[in-house]
Amino acid sequence: MTNLNNNPIGFFDSGVGGVTVFEQVKKLLPNENYIYFGDTKNMPYGEKTPEQLLVFGRDIFDFLQKKNVKAVIMACNTTSAVVYDKIKDDYPFEIYPIIQPVARHISKLPLKKVGVFATHATVNSHCYRTELKKNNPNIEVKEIACPGWVKIVENGEENTDFALASVKEKMAEMLEFSPDRIILGCTHYPYLLNVLSTLAPREVFINPSIEFAHIIKEDLASKNLLSNQDYEGSEEFYVSANPEKFQKSASLFYEIKDLPKLALN
Ligand code: DGL
């Protein structure tokens, strides 16, 4: 069997959201080679139908397969909720969806009430509720869709009055439920943590990327798929539109050195 250890790890998201996951994984696994794809032409995914999301997902997986990835990280909650089950057996590499393993982890914490902020498509799928209740049927879950937050982040408008007003409105609705913790169930939302934490203590919010990165590292290690390079790996970023905007907005989480290349546009 060919040795895949130094083949790249693929990442994808609808845009800069997945960079919150990339940052965590890169920190834990600096010697891996990475290929990131942000589907900025088709975002926001949260407002798309399951049929549209499946088409986007397959195109991106085909693109990453041509790059000889050893694994693909679905750094997108929406596709993890809506597309993962439909394509998980169709590719010859490891696929890591974000929601399922992270929800399993969270469901084992001593929590009674968990809030979830996510996109429309993720909320409509109830993937978080289903996965959290699998291990802990007594846990109460409140899922709230926050359409608009993705564009705020893609446009780098986190610190505007508009962003603050939108976050305030959703937080008021969430706090009525009195959650023990609130999951940021869209990879774009950690960009809003500064604003969110003016309305509740920062520790209330769960950024799934942190636990997800540990889960990925452990699983790759158990399958003997970690890179054996003893130097920092390469990274390539691709987007389907607006590379300059992507590079600028992502910089809140990760400094991308070279301008992302255009692909699938
Ligand atoms: N960042 C993605 C997620 O985690 C998708 C956001 C969007 O494009 O609507 O769900």
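Largest mean-square fluctuation among Pro50, Pro190, Pro137, in a Gaussian network model of the chain whose springs join Cα atoms under 10 Å apart, belongs to Pro137.
Taking every Cα-Cα distance in the range 1-83 and sorting them into 10 Å bins from zero, the calculated P(r) comes out as 18, 50, 26, 6, 0 percent. The lysines whose alpha-carbon is closer than 22 Å to the alpha-carbon of Lys70, local same-chain residues fewer than 8 away aside, are Lys26, Lys27, Lys86, Lys88, Lys217, Lys223, Lys261. Rounded to the nearest 500, the 222 nm mean residue ellipticity of the chain from helices alone is -11500 deg cm²/dmol, with -39,500 (n - 2.57) taken per DSSP H run of at least 4 residues. Each label was represented as a point 7 Å from its Cα along the Cα-to-Cβ direction; for Glu232 and Gln65 these points are 3.3 nm apart. Computing Rg and the Kirkwood Rh from the Cα coordinates of the chain gives a ratio, Rg/Rh, of 0.95.
In order along the range 2-10, the phi-based Karplus estimate (6.51 cos²θ - 1.76 cosθ + 1.60, θ = phi - 60°) of 3J(HN,Hα) comes to 5, 7, 9, 3, 9, 6, x, 9, x Hz; Gly and Pro are listed as x. Of the chymotrypsin sites (Phe, Trp or Tyr not before Pro) found in the range 90-133, not one falls in a DSSP loop while having at most 12 other beta-carbon atoms within 10 Å. Close amide H partners of Val116, meaning residues 5 or more places away or on another chain with modelled amide H under 5 Å apart, are Lys142, Glu143, Ile144, Ile183. Computed over protein heavy atoms with a 1.4 angstrom probe, the accessible surface ordering of Tyr254, Tyr96, largest first, is Tyr254, Tyr96.
Using the Stokes-Einstein relation with a Kirkwood hydrodynamic radius computed over Cα pairs, the translational diffusion coefficient of the range 85-209 at 20 °C and a viscosity of 1.002 mPa s comes to 141 µm²/s. Counting only GluC sites (Glu not before Pro) that DSSP places in a loop and that have at most 11 other Cβ atoms within 10 Å, the longest clean stretch of the chain runs over 1-175. Extents of the range 9-54, taken as max minus min of Cα coordinates on every principal axis and listed largest first, are 37, 16, 15 Å.
Two decimals is fine: what is log10 I(q)/I(0) at q = 0.12, 0.14, 0.29 Å⁻¹ for the range 69-135, from a Debye sum with one equal scatterer on every Cα and no solvent? Each listed q maps to, in turn, -0.32, -0.43, -1.32.
Amide H contacts of Phe37 (H built 1.01 Å from N, in plane; Pro and chain starts excluded): Phe11, Phe12, Asp13, Tyr238 sit under 5 Å, all sequence-distant by 5 or more or on other chains.
Rounded to the nearest Hz, the phi-derived 3J(HN,Hα) couplings of the range 174-187 under the Karplus curve 6.51 cos²θ - 1.76 cosθ + 1.60 (θ = phi - 60°) are 5, 5, 4, 7, 6, x, 6, 9, 10, 7, 7, x, 8, 5, where x marks glycine and proline.
Put a dot 7 Å past the Cα of Asn194, heading toward its Cβ, do the same for His105, and the two dots end up 2.6 nm apart. Consider all pairwise Cα distances in the range 135-225 and report the whole-number % of them above 15 Å. Cα-Cα pairs in the range 135-225 separated by more than 15 Å: 65 percent. The eigenvalues of the Cα gyration tensor, multiplied by 5 and square-rooted, give the range 220-265 an equivalent ellipsoid with semi-axes of 27, 13, 10 Å from largest to smallest. Gyration tensor over the Cα atoms of the range 178-230: the corresponding equivalent ellipsoid has semi-axes (square roots of 5 times the eigenvalues, largest first) of 31, 12, 8 Å. Out of every Cα-Cα pair that the range 1-142 contains, those further apart than 24 angstrom amount to 33 percent.
The values are calculated or read from the model by the stated rules, or taken from the named source; none is laboratory data. No experiment lies behind these values; they were computed from the predicted model shown. In this analysis, Cβ positions are derived from the backbone assuming ideal geometry, glycine residues included, and neighbour counts consider all displayed protein chains. The accessibility values were calculated without ligands, DNA or RNA, using every heavy atom of the protein model including side chains. Shrake-Rupley method; radii C 1.70, N 1.55, O 1.52, S 1.80 Å.
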